[in-house]
1. If you go through the range 52-63 one residue at a time, do you hit one that is under 23 Å from GLY257 (Cα atoms) and under 16 Å from the mean Cα position of the chain (by Cα)?
2. Spot the failing condition for LEU95; the list is (1) under 16 Å from HIS270 (Cβ atoms); (2) buried (at least 19 other Cβ atoms within 10 Å of the Cβ), and only one is missed.
3. Which residue is most open to solvent (accessible area, probe 1.4 Å), if the candidates are limited to the range 278-302 and must be in a loop (DSSP other than H, G, I, E, B) and over 30 Å from THR331 (Cα atoms)?
4. Within the range 239-257, which residues are within 13 Å of ALA214 (Cα to Cα), open to solvent by 20 Å² or more (accessible area, probe 1.4 Å) and among the hydrophobic types (A, V, I, L, M, F, W, C)?
5. Being part of a loop (DSSP other than H, G, I, E, B), touching a residue at least 12 places away in the same chain (Cβ under 8 Å), open to solvent by 10 Å² or more (accessible area, probe 1.4 Å) and β-branched (Val, Ile, Thr): is that true of THR89 here?
6. From the list GLY236, GLY275, which residue is in a loop (DSSP other than H, G, I, E, B), open to solvent by 40 Å² or more (accessible area, probe 1.4 Å) and farther than 30 Å from ALA322 by Cβ?
7. In this structure, does GLU25 turn out to be modelled with pLDDT of 95 or more, charged (D, E, K, R) and open to solvent by 40 Å² or more (accessible area, probe 1.4 Å)?
8. Could you tell me which numbered condition GLY275 fails, if it satisfies all but one of (1) touching a residue at least 12 places away in the same chain (Cβ under 8 Å); (2) within 30 Å of THR107 (Cβ to Cβ)?
Amino acid sequence: MTVATGGVVQTPPAAPLPLGTGRLETAALGPFTLGDGTVLPELVVAYRHDGPGPADAPQVLVVHALTGSADAAGDWWEPVIGPGRALDTERFGVLGANLLGGRYGTTGPGSIDPASGRPYGRDFPAVSTRDQARAFWTLLDSLGIDRLALVVGGSLGGMVALEVALVRPAGVDHVVPIAAPAATGPMAIAWNRIQTELIERLGEDGLALARQLAMTTYRSETDFDERFGRDVEPDGRPSIVSYLDHQGRKLVERFDGDTYRILAGAMDLHDIGGGRGGTEAALAHLGVADVRLTGIGIVDDILYGPRQVRSLVDAASRSGIAARYREIRSTKGHDAFLVEWDQLTTLLREALAAGQRPDEGYVSEWQTLEA
């Protein structure tokens with residue numbers, strides 16, 4: 001709608017994007033250029049914001065992992081987000097957003113390609129964790145959030161959290177990658193290759209099998225021994241096989257193979273030193289901007305284990321960053337960042353407290369939090 005004023009036709013300003021609603025919203029953000037030069041005609045990002053806006057409180061960005069969504073506060077991280085919780089929505093604004101290439105409301109393979117009028121599907125372009133971080137900053141700018149007190153995520157979410165800080169170091173106080181490395185290693189790439197190949201060859205059946213394989217990397221030997229042992233179901237299947245079948249079916253009901261392939265590809269491409277002169281040169285930009293970094297490893301994580309997270313923290317320390325290592329002790333393996341609520345609460349409160357008292361406790365150190 002246009003309005004004529006003094007003979008001049010004016011377009012009213014767009015309504016501001018909603019903040020603090022505690023429900024899922026979508027933002028249409030215009031064309032978006034990927035790192036390889038590919039242009040997406042329209043970037044749409046699904047998000048949820050809880051708590052006060054940037055004019056009234058510090059802001060926190062929470063980034064989901066491979067099959068997650070923007071609904072951290074109402075779903076996969078609900079125990080640590082809300083009034084009185086670790087990410088206290090009476091004291092902080094908390095933003096969750098669906099990743100570029102994702103399934104739940106953000107532009108991805110399921111979105112309509114304007115050129116064809118059909119979903120992109122297999123034609124959706126490859127994206128990187130850096131592209132995903134830049135898409136988040138496009139959303140943050142549109143929301144009027146120019147600074148983050150904390151950006152945190154686990155697994156793929158931790159990789160993107162690192163890139164959010166590196167894309168705009170002056171806009172982040174503290175970055176907390178959980179179970180995430182500086183660059184994805186060959187073992188993780190190999191696992192992703194098997195999963196995506198299953199999807200390519202077998203479609204939905206392959207997606208179910210890919211999820212089953214992934215679940216064996218998300219948990220630990222101890223967890224499977226304690227939960228399943230040699231138990232057998234009434235139909236004669238080992239209980240662990242029944243569990244894996246169930247996990248595969250559940251994912252097929254809520255996800256799709258093209259999105260899985262795109263997001264696994266983003267993980268494979270992850271390398272914070274790429275195009276920046278290497279890992280330490282990249283991290284040095286965070287040091288110049290006084291960004292703090294806490295890397296959180298998980299005991300018995302076979303996917304992105306403590307050694308990889310410690311390597312990131314070591315590189316950060318050598319680059320002049322106020323960096324430290326923390327560790328979650330758990331039998332749950334990689335997925336501990338989705339279940340160990342007491343330890344996560346301690347770690348998140350510590351991270352936010354450190355942001356308020358930057359002179360306390362920020363030296364390179366190795367410390368373990370006991371379960």
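The values are calculated or read from the model by the stated rules, or taken from the named source; none is laboratory data. The structure displayed is predicted, hence computed values, not measured ones. Ideal geometry is used to build each Cβ from the backbone, glycine not excepted, and the neighbour counts take in all protein chains shown. Note: accessible area is taken over every heavy atom of the protein model, side chains too, but ligands, DNA and RNA are not part of it. Shrake-Rupley method; radii C 1.70, N 1.55, O 1.52, S 1.80 Å.
1. So far as the range 52-63 goes, yes, one or more of its residues are under 23 Å from GLY257 (Cα atoms) and under 16 Å from the mean Cα position of the chain (by Cα).
2. So LEU95 meets the others, but not (1).
3. Only one residue tops the list, namely ASP290.
4. Listed by number, the list holds a single entry, LEU244.
5. Yes.
6. The conditions single out GLY236.
7. no
8. That leaves (1) as the condition not met.
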